[in-house]
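The values are calculated or read from the model by the stated rules, or taken from the named source; none is laboratory data. Not measured: the values here are computed from a predicted model. Quick reminder, even Gly has a Cβ in these numbers, built from the backbone with ideal geometry, and neighbours come from all protein chains shown.
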Amino acid sequence: MSSESDVIIIGAGAAGLSAAKELGQLGLTYTLVEASHRIGGRVYSEEIAPGVWFDLGCAWLAGGATNPFVAIADELGITLGKDKSNLYKEKNHRFQRNGASLNKDQRAACLRFYDDSYKAISATAKQGHDVAISDVVDLDNEFAIPFLCNVAVAWGKDIDLVSTADFANATGELGFPVLHGFGNLVAAWGADVVVSLNTCVERIDWSGHRVTVGTPKGVIAGRTALITVSTGILAYGDILFTPGLPDWKTEAIHGLPMGTETKIGVYFDADVFGADGRGYYSTWNDDGNAAKVDASVMGLNTATVFVGGRHGVWLEKRGQQACHNFAVDRIADIFGNDIRKHVNRSIVTAWSTDPWTRGSWACPLPGQAYQRANLQRPVDERLFFAGEATVYGGQGTCHGAYQSGIRAAKQIASKLNVKP
């Protein structure tokens, strides 16, 4: 491990990797450390069956063709589901209530309620009010249950904890899925970056002329530090800062708590969906059980069930078998109980208890959306910050983190008087 660098980068997710690449192009030296055994952060793929990949974290190139990872995937020869993106558009979602598809009139009413809710959120934000989404939508509407589920999945928090201002600034459509895993795409793109894995940062001392970073493998010194870890790690106090961070920075961290999206991938030993069954579903029962389901959109014998917010955290705490049972029940609500005999295996995420993230992504509390800008601000021109939590527009996305790393690298270069 290098004893001194221009920049010490903490975290080898998309932000840390893009910063490292940009710093290298600018002629600056860096030391990149990662607590986990792998790169990619919250973008990670595992095989659910031989040759069949499941994304435990980010799974779509949000924004479609404008996403920088589209060009990266093309350059690396990695297949994207560009022809599948329409299935993810909300107007093409399929709705199942109490095990039955909505009829034409019900579907129109449901989509109208969604549209009215989005307009109410947008209007509130445009008026300069940053309140909870629950304050501006009709919770008594008969289609409130799937809408609440939608928000919890997309933001990792329930609507009483989601900011209207932040929601209104979101990227929008899900975009393109990655056939062989978004995590594998990021791992391939970042493979040329030198990273010290299994190197957990315990303390950052910025009291002297240099910044020093303490790890179990030793102390690293640098002119600056770039911190890309999640707000969950920062809020929990896993890293000790000396001196402590200023109040405005800690307030930003605590104003951007981590949300949780729980994903359960289920693999079947046969095609239980049929060509007509493939699509993106909202399924719910009037007792409140609700989920989003990606049913074989990529043409594989897999389905992914999504829940978020308190429900997602609750399921994760109940364990893998409870998550598996919930997912199979929701898929059976759509395709019938016969699918149960074809279930082969499942994969369950547990981001809320992951020691290196403590959640899926940052979700500002109502009234706190402005804290993204404060989280981004450097401290003493020596501690810099990047990651999806620092971004407007691409918040909660891999490409948002990627862009924030490049932005931070350029900030640091400017501070160190390096010309591009």
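Could you tell me whether the range 185-193 includes any residue that is free of Cβ contacts under 8 Å to residues at least 60 places away in the same chain and not in a loop (DSSP other than H, G, I, E, B)?
Within the range 185-193 (the criterion being free of Cβ contacts under 8 Å to residues at least 60 places away in the same chain and not in a loop (DSSP other than H, G, I, E, B)), the answer is no, since none of the residues qualifies.
Go through the range 359-378 and give me each residue that's over 15 Å from the mean Cα position of the chain (by Cα) and outside any loop (DSSP other than H, G, I, E, B).
Once the filter is applied, which keeps residues that are over 15 Å from the mean Cα position of the chain (by Cα) and outside any loop (DSSP other than H, G, I, E, B), the range 359-378 yields Gln371, Arg372, Ala373, Asn374, Leu375, Gln376.
Which one of these is out of contact with any Lys or Arg (no Cβ under 7 Å at 6 or more places or on another chain), farther than 21 Å from Leu148 by Cα and free of Cβ contacts under 8 Å to residues at least 40 places away in the same chain: Asn325, Asn344?
After ruling out the rest, the residue left standing is Asn325.
Could you check how many residues of the range 183-200 are of a type in the set (S, T, N, Q) and under 18 Å from the mean Cα position of the chain (by Cα)?
The qualifying residues number 1.
Is it the case that Val211 is in contact with a Leu (Cβ under 8 Å, 6 or more places away or on another chain) and either hydroxyl-bearing (Ser, Thr, Tyr) or loosely packed, with under 14 Cβ neighbours inside 10 Å (or both)?
The answer is no for Val211.
Check Leu197, Leu174, Leu161, Leu185 and return the single one that is surrounded by fewer than 18 Cβ atoms within 10 Å (Cβ to Cβ) and not acidic (Asp, Glu).
Leu197
Before we move on, is Phe54 more than 25 Å from Tyr281 (Cα to Cα), touching a strand residue (DSSP E or B) at 6+ places or on another chain (Cβ under 8 Å) and at pLDDT 85 or above?
Answer is no for this residue.
Kindly indicate the residue of the range 103-142 that is acidic (Asp, Glu) and part of a helix (DSSP H, G or I) and also nearest to Ala332 (Cα to Cα) among those meeting that condition.
It comes out as Asp105.
Being hydroxyl-bearing (Ser, Thr, Tyr) and closer than 17 Å to Gly57 by Cβ is the filter; apply it to the range 347-391 and report the residue that is surrounded by the most Cβ atoms within 10 Å (Cβ to Cβ).
Ser360
Would you tally the residues in the range 143-184 being over 25 Å from Ser352 (Cβ atoms), out of contact with any Ser or Thr (no Cβ under 7 Å at 6 or more places or on another chain) and either at pLDDT 95 or above or not in a loop (DSSP other than H, G, I, E, B) (or both)?
1
So in the range 342-358, with the set limited to residues that are over 17 Å from Gly259 (Cα atoms) and among the β-branched types (Val, Ile, Thr), which one is nearest to the chain's Cα centre (by Cα)?
Among those residues, the one meeting the criterion is Ile347.
Taking the residues in the range 50-90 that are among the basic types (Lys, Arg) and closer than 30 Å to Glu316 by Cα as candidates, determine which candidate is surrounded by the most Cβ atoms within 10 Å (Cβ to Cβ).
Top of the filtered list is Lys84.
Scan the range 392-420 residue by residue and report those that are assigned to a loop (DSSP other than H, G, I, E, B) and either more than 24 Å from Gly63 (Cβ to Cβ) or not assigned by TED's automatic domain parsing to the domain that holds Lys21 (or both).
Within the range 392-420, Leu416, Asn417, Val418, Lys419, Pro420 qualify.
Name the residue that is modelled with the lowest pLDDT, counting only residues in the range 61-72 that are of a type in the set (A, V, I, L, M, F, W, C) and either within 14 Å of Ala14 (Cβ to Cβ) or in the same structural domain as Val297 (by TED's automatic domain parsing) (or both).
Per the stated criteria, the residue is Ala62.
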